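The values are calculated or read from the model by the stated rules, or taken from the named source; none is laboratory data. Source: prediction; values computed, not measured. Ideal geometry is used to build each Cβ from the backbone, glycine not excepted, and the neighbour counts take in all protein chains shown.
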Amino acid sequence: MLVPETTLMPVLPVFIHVQNDAEATLLESQIPTIVTLIKGCKSAQVVRSASEIPEGCGASVVTAFVTIHTLVKGLVDLDVEIGKCKKKLDIALLNQAKIVKTEAQPDYMETVPESVRLANEEKVRCTDVE
């Protein structure tokens, strides 16, 4: 998660953006645990719409359906963080292209185990979300 590296940990609000009811129900029931486990977190809120997330948040993709947003405006240099994110995204897109190329092979379905195919599909979905 995007949290500034400082000796004085700020008190951060966290927004958990979900895409469906199953994740919302599960995560809403675990809010007290989430707040306890995240260092410096003062509150956590499950949101369904991106419009509910305030400006100045850093995002971390958990799954294709869940993204964590932490309010970091004024605590980190956003230009530096954006540069880091772009670099990470470039690497993810390169890896996605490799997976897509591998999946396009004529014997992919016969030679690659189902567990690997499912893992590749999840990686592609997560890269799409990023």
Within the group ALA59, ALA92, ALA64, which residue is touching a helix residue (DSSP H, G or I) at 6+ places or on another chain (Cβ under 6 Å), of a type outside the set (Lys, Arg), in contact (Cβ under 8 Å) with a residue 40 or more places away in the chain and under 22 Å from THR127 (Cα atoms)?
ALA64
Only one of (1) at pLDDT 85 or above; (2) in the same structural domain as ILE16 (by TED's automatic domain parsing) is not met by GLU114, so which one is it?
(2)
In the set GLU110, GLU122, GLU81, which member is farther than 30 Å from GLU55 by Cα and out of contact with any Phe, Trp or Tyr (no Cβ under 7 Å at 6 or more places or on another chain)?
GLU110
Answer with yes or no whether VAL18 is touching a Leu at 6+ places or on another chain (Cβ under 7 Å), at negative phi, surrounded by 15 or more Cβ atoms within 10 Å (Cβ to Cβ) and modelled with pLDDT of 90 or more.
yes
Among the residues of the range 89-104, is there at least one that is at pLDDT below 85 and of a type in the set (D, E, K, R)?
no
